[in-house]
Amino acid sequence: MSRRSLIAAVLITAVVTAIVSVSMTTRLAGQSTRPARTADGKPNISGVWQVNNEANWDLQPHEARAGAVTQRGIYGYAYAQVPAAPVLALGAAGIVPGSIGVVQGDGQIPYTADAAKRKADNAAHWIDRDPELKCYLPGIPRATYMPQPFQIVQSGNKIQMIYTFSNAARTIHLDTVAGPPDDTWMGHSVGRWDGDTLVVDVTHFNDKTWLDRAGNFHSDALHVTERFTPVSSDALRYEATIEDPKVFTRPWTIAMPVYRRLEPNIQLLDYPCIDFTEEFMYGHLRKQQLVKHWESDTMAVDITRKVPPGEQLFDWYGK
Amino acid sequence: MRKRLLQALGVVGVIVAVIVLLKVAPAGSASPAPGTRTAWGDPDLQGIWTDEYQTPLQRPAKYATKETFTDEERAELDRQRAGILRRDQRVEIGSERDVAGAYNAVFQSIKHTGKRTSLVVDPPDGRIPALTAEARQRADTDRQFRLALLQATQTCKDGDAACAGGKFGPPSPRRNEVAPFYNTGRLNRSDGPEDRSMTERCMAAVMPDFGGYRRIVQAPGTVSIFYDVGQGQGWQRVITLEQVPHLASSVRQRFGDSRGHWEGNTLVVDVTNFSPKSDFMGARENLHLVERWTRSDAKTLEYTVTIEDPTTWTKSWTVKQEMNRQDDQANRVYYEPRCHEGNYGLPALLSGMRADEAAFAAGKGPDPATKDTATDFGTEGGVDALTGGG
């Protein structure tokens, strides 16, 4: 081989190696170019994901509201409510966004007559009753559409799902693992692949989690069937069918897209809500009240804590 | 010309192939043990793991020159350790101590004696290095405050070990002071949740941790570890293997910020960005860990961690632990961390103290400052020959 061809070879080598190296580096850093399939041929759903919708406010179609808690305005119409005291100071930052809804079919949730009353009652007592406000484990399916990101770590026979909210987690068993002998907040998840869809059967629930901030609830007879289907490398269709004969007259289904967080350095961050809700949960039991008064240029907010009598003190924590 | 070009391209092909192979081949992948590689070729650390043996963190003074126990010594220690009542010992019926014992020995994990006399392997004497002058000062300031809050109690009147360095006297005016540092332990005061321990507040877990169970699930580029620790105070950790820098130093997290990479068969993890609200033996935001996780065989996961904080210890130190693989089915029983969801203890403790204060103010009860809600059940139930504890 002549000297000229050797030089040519070295030069071409340098260029090709550079290109290969760059493309490999890009693939490592850029999550959007991760392999579409895992080593065992399943869709690769590992990564950090997040919904971009209003399902946690209310699964059903709804228009925007003046605040998370409202009261009667000048008019008696529901559409003319004004923000109530707990959220008034937040202005437009306190508005509840509207939603096209995620309940499939007619958008209705098929409550029994008694359960429908309880749902309405829950909505009226949202601050006292929603487990989210107390930083309790979010349950399934609500964990998926909490506003914070969650992470999927997909192995062969186990898939770990890790949620920012409350540092919650669950293991999805794709092998045979019998359920726990007690009920749980996050359920017992057993998965299987149906083509390119991960189907997860979730059972062993308690009756303490909610489905959203609108008071939608379930009993300990809840059975959730989830379906995670990739619609592109960076989006999944999430579907959850909810069965609970103690609360609903028939199974019903919610569905929504879940999007991949594409930042190359994305990671779940601490969301220390046990710590941050202590004042909300225990502030009324302090020796001396701590949070009492706040004011802006046009408003003063005064807080008076009260201690429920007798056993009601403890019942509040289990609502 | 064409032949020369083909020759040149052939050489290019070989060189590129060699370079790419060198780049892609995982270092130290020479002879992986069977079943210890994932489907995508990483070392497989997955499963449920725990240290099945009891090994003191620091080597007890009586074993100063001894690194390991013989099998006979372990058997004898097991016999002695099984023979004590621990928290099942009833002390004076109806006393505060006796009530504290309601959390009886059922709640304690008593494990067989391990082979080594300490988890600390460096320094070689098995002892945690001396605290810095600054850390000694912090510890003393903290201790003095705790003792002041305890001084009107029976614990100090009796001269119990829990009051060592303190004195018995009337309620201290320091009861109205804010704690000198963000409190993570039990103060003998319950003015609000901050006076109670991280355990009572369901935030007890810290990094590093040498107890409980780990469930490891991996994916390419990620290792997740669920820590089942502290009676429902478990937590979930995700270690990225992507080559990205640590979080901005302004971002502080309770369990730090983990960055991992493979060195041969070993997962090496660098942990920084700790929060001043988390406390590991006096180290807080300046804590820095380097962990090494190695699957040494199908049933053993070796864990070492080098612990460094120049504001706390005079030099770094290293702990080594061997964890044993646990059966998935037998360990399905519940690992959900729901301490907070069932925490009736904290509101009961606070409201109970408010009731005591009201009773005292009405002349119907003792001064709450004379009660001890801070120190633990002692060693009335016998001293564990290995750990020196109750």
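Residue-by-condition table, conditions (1) buried (at least 17 other Cβ atoms within 10 Å of the Cβ); (2) part of a helix (DSSP H, G or I); (3) modelled with pLDDT of 95 or more:
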site	(1), (2), (3)
A:267	yes, no, yes
A:275	yes, yes, yes
A:279	no, yes, yes
A:289	no, no, yes
A:294	no, no, yes
A:297	no, no, yes
A:305	no, no, yes
A:309	no, no, yes
A:314	no, yes, yes
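Just give me the residues in the stretch B:217-237 being among the hydrophobic types (A, V, I, L, M, F, W, C), at the interface with another protein chain (Cβ under 9 Å from one of its Cβ atoms) and over 14 Å from the mean Cα position of the chain (by Cα), in sequence order.
B:217, B:219, B:223
Of everything in the stretch A:244-272, what is under 30 Å from residue A:207 (Cα atoms) and more than 19 Å from the chain's Cα centre (by Cα)? Give them in sequence order.
Passing the criteria: A:244, A:245, A:246, A:247, A:248, A:249, A:250, A:251.
Across the stretch B:108-154, which residue is nearest to the chain's Cα centre (by Cα) among those that are polar (S, T, N, Q) and open to solvent by less than 10 Å² (accessible area, probe 1.4 Å)?
B:118
Condition check: open to solvent by less than 50 Å² (accessible area, probe 1.4 Å) and not charged (D, E, K, R). Does residue B:208 satisfy that?
yes
Of the conditions (1) more than 8 Å from chain B (Cβ to nearest Cβ); (2) of a type outside the set (Lys, Arg); (3) over 23 Å from residue B:340 (Cβ atoms); (4) assigned to a loop (DSSP other than H, G, I, E, B), residue A:220 fails just one. Which one is it?
(3) is the only condition that residue A:220 fails.
Restrict the check to the stretch A:141-159 and report whether at least one residue is more than 30 Å from residue B:221 (Cα to Cα), more than 7 Å from chain B (Cβ to nearest Cβ), surrounded by fewer than 19 Cβ atoms within 10 Å (Cβ to Cβ) and touching a residue at least 40 places away in the same chain (Cβ under 8 Å).
Scanning the stretch A:141-159, I find no residue that is more than 30 Å from residue B:221 (Cα to Cα), more than 7 Å from chain B (Cβ to nearest Cβ), surrounded by fewer than 19 Cβ atoms within 10 Å (Cβ to Cβ) and touching a residue at least 40 places away in the same chain (Cβ under 8 Å), so the answer is no.
Can you go through B:135, B:162, B:148, B:139 and tell me which one is assigned to a helix (DSSP H, G or I) and at pLDDT below 95?
Only one candidate passes the filter, namely B:162.
List every residue pair whose Cβ atoms lie under 7 Å apart, where the two residues are 6 or more positions apart in sequence or sit on different chains, the first residue falls within the stretch A:34-58 and is at the interface with chain B (Cβ under 9 Å from one of its Cβ atoms), and the second residue, located anywhere, is part of a strand (DSSP E or B) and among the aliphatic types (A, V, I, L, M).
A:46/A:152; A:46/A:153; A:46/B:219; A:47/A:152
Filter the strands (runs of 3 or more DSSP E) completely within the stretch B:282-380 down to those with at least 2 residues that are on the phi > 0 side of the Ramachandran plot and within 12 Å of chain A (Cβ to nearest Cβ).
Filter on the stretch B:282-380 gives an empty set.
Looking for something among the acidic types (Asp, Glu), under 30 Å from residue B:268 (Cα atoms) and under 20 Å from the mean Cα position of the chain (by Cα) - is there at least one such residue anywhere in the stretch B:194-208?
No, the stretch B:194-208 contains no residue that is among the acidic types (Asp, Glu), under 30 Å from residue B:268 (Cα atoms) and under 20 Å from the mean Cα position of the chain (by Cα).
For the stretch B:246-265, what are the residues that are touching a Lys or Arg at 6+ places or on another chain (Cβ under 8 Å), at the interface with chain A (Cβ under 8 Å from one of its Cβ atoms) and open to solvent by 30 Å² or more (accessible area, probe 1.4 Å)?
Hit for the stretch B:246-265 is B:254, nothing else.
The values are calculated or read from the model by the stated rules, or taken from the named source; none is laboratory data. Since we're looking at a predicted model, the values are computed, not measured. A quick note on method: Cβ atoms are made from the backbone with ideal geometry, for glycine too, and the neighbour counts reach across all protein chains shown. Accessible surface is based on the protein model in full, side chains and every heavy atom, while ligands, DNA and RNA are left aside. Shrake-Rupley method; radii C 1.70, N 1.55, O 1.52, S 1.80 Å.
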